[in-house]
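Some notes on the structure that comes next.
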Amino acid sequence: MKEAVLQKFGELFGDSKGVEVYFAPGRVNLIGEHTDYNGGHVFPCALTIGTYAAVRKRADRTCHFYSMNFENEGVIGISLDDKLEPSQRLKWANYPVGMIWAFGEKGMSPDTGFDMVVSGNIPNSSGLSSSASIEVLTGFVLKELYGFDVTNQEIALIGQFSENKFNGVNCGIMDQFAIAMGKEGHAIFLDTNTLQYKYVPVKLEGAKLVIACSNKKRGLGDSKYNERRAECEDALARIQTVKQIGSLGELTEREFEEVKSVIGDPVKERRAKHAVYENRRTVIAVEALKRNDIATFGKLMISSDTSLREDYEVTGKELDTLVSEALKVEGVIGSRMTGAGFGGCTVSIVKDEAVEPFIKKVGAAYLDTIGYAADFYVVEIGGGPKKC
Ligand code: GLA
């Protein structure tokens, strides 16, 4: 990948003298879904797959962006002297441009432009955060090129700010945090209320993490995502009329059961129930993993998926097929949808000897039921952004 982006850079921008290559990973969330904007816990990890960028500063105020994943879109250019705003013309480059804008909002504006060629091996729209990967990558590049004084955690927060305010998706902090703070072999147990976190080793002796990509593009996902978020906010506002809490993540299951009738809307009640129960499940699952109790961790992944399907309603036929077929395969310890949902991927813990039959059986059943193929990736947990 490094060689490929360097070569492309040379082709597009004359030569590759003085060009540096940087990398930011993708991420997968093991458990704790749709809890990050509800003040709950999440448990994601960075992957060894991700996005590479070859970059070089320019002497003028122009920035050029080129993606080897969207070659048809050609070189996309902006001037730092223009008002930076989201636009259809920018296509995928709305993500890096959003980061330049967000850095500017925080008082860090680059004085000159730069040229950037990116190439990623995260499947697009898969729920493995290819967009957050580009955001964090751009933040890291800005820091390295212009010497801005920001930590990786601050880059994550600026990435979320950019996604919320520039790209219009009201996401939580999980994706950018998991990518910016990733650590090889570890998942990140993050309390999204306080941003306190712990690295927890993921030792799946005798098993692998397998991602199944539904190849269903998210489509309406972003608006549905914002809708779920609003439903949880409404439920919280109702609960706050009888209980002093700042977020749904502060409630235990029992406390929720005691106050839930005040929500007064069965749909919003189910959304809030998911947020509360999923948060508690995440805490228990991490405890289990620390004891090396992978079986319990796997069971909790399955309950997480059930809740996302029945109460949060963010799965759909494609993800449901992947999970239900996975659970029929001997040697599958746990399986669930991961990320925002409405398409995207599932993550499963599969015993080593079952990986091949898993891919074969789930793949065949998916093709048969859905009519097009799923893709499978056996993934490793990697580190955060770096210079290559
Ligand atoms: C998307 C968002 C995250 C998180 C997940 C669901 O990936 O970007 O902030 O809310 O969905 O857990």
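Report the rotationally averaged projected area of region 77-200 based on its alpha-carbon convex hull, in square nanometres. If you can, show how the numbers build up before the last one.
On the way: hull surface 32.7 nm².
With every direction weighted equally, the projected area is 8.2 nm².
Fewest to most neighbouring Cβ within 10 Å: what's the order for Met337, Met181?
Values: Met337 31, Met181 23.
Taking fewest neighbouring Cβ atoms as first place, the list is Met181, Met337.
With an 8 Å Cα cut-off and a minimum separation of 6 or more residues, compute the relative contact order for region 32-158 in percent.
Details: 168 pairs, mean separation 39.1, N = 127.
With pairs under 8 Å counted, the relative contact order is 31 percent.
Once both axes come from the Cα atoms, what is the angle between helix 317-326 and the longest principal axis of the chain, in degrees from 0 to 90, rounded to 10?
The answer is roughly 70 degrees.
Need one number: nm distance between label points at Ser261 and Arg58, each 7 Å from Cα along Cα→Cβ, rounded to one decimal.
The answer from the label model is 6.5 nm.
What does the highest-first list of 350-356, 366-372 look like by mean Cβ count within 10 Å? Walk me through the intermediate numbers first.
On the way: 350-356: 16.7, 366-372: 13.0.
With the highest mean Cβ count within 10 Å placed first, the list reads 350-356, 366-372.
Could the peptides 169-177, 128-136, 209-217 be put in order, highest first, of the mean number of other beta-carbon atoms found within 10 Å of their residues? Can you show the working numbers first?
Details: 169-177: 24.1, 128-136: 29.2, 209-217: 21.9.
Descending mean neighbour count gives 128-136, 169-177, 209-217.
Would you tally the net charge around Asn94, using a Cβ to Cβ cut-off of less than 15 Å, leaving Asn94 out, and scoring K and R as +1, D and E as -1? Walk me through the intermediate numbers first.
Numbers: positive: Lys83, Arg89, Lys91, Lys165; negative: Glu73, Asp82, Glu85, Glu135, Glu163, Asp222.
Neighbour charge sum, excluding Asn94 itself: -2.
By per-residue mean of other Cβ atoms within 10 Å, what is the highest-first order of 21-28, 185-192, 358-365? Numbers along the way, then the final one.
Numbers: 21-28: 27.5, 185-192: 21.5, 358-365: 18.6.
The packing order, highest mean first, is 21-28, 185-192, 358-365.
For Ile122, enumerate residues with amide H under 5 Å from its amide H, sequence gap 5+ or separate chain, H modeled in the peptide plane.
Here Gly50 satisfy the definition.
What's the local net charge at Lys143, with K and R +1, D and E -1, over the other residues with C-beta under 14 Å away? Display every interim value, and only then the final one.
Numbers: positive: Lys57, Lys106, Lys386, Lys387; negative: Glu20, Glu135, Glu144, Asp149, Glu154.
That sum, taken over residues with Cβ under 14 Å, equals -1.
Relative to the present Cα-Cα distance, how much length would full extension add between Thr306 and Ala4 at 0.36 nm per residue of separation?
Details: separation 302, 0.36 × 302 = 108.72 nm, distance 4.19 nm.
Length gained, Thr306 through Ala4: 104.5 nm.
Hey, what angle do you get for helix 221-239 against the long axis of the chain, alpha-carbon based, 0 to 90 degrees rounded to 10?
50
Mind giving me the FRET efficiency for Leu367 and Asp149? R0 is 56 Å, r the Cβ-Cβ distance, nearest 0.05 is fine. Walk me through the numbers on the way to the answer.
On the way: r = 51 Å, r/R0 = 0.91.
According to the calculation, E is roughly 0.65.
With the Cα gyration tensor of the chain in hand, give its eigenvalues times 5 under a square root as the equivalent ellipsoid semi-axes, listed largest first in whole angstrom.
Numbers: eigenvalues 244, 127, 70 Å².
Sorted largest first and rounded, they come to 35, 25, 19 Å.
Report the label-to-label distance for Glu356 and Ser87 in nanometres (one decimal), using points 7 Å from each Cα along the Cα→Cβ vector.
5.4
Every number here is computed from the coordinates shown, using simple stated rules; none is lab data. Predicted, not measured: the structure shown is a model, and the values here were computed from it. Every residue, glycine among them, receives a Cβ derived from its backbone with ideal geometry; neighbour counts consider all protein chains shown.
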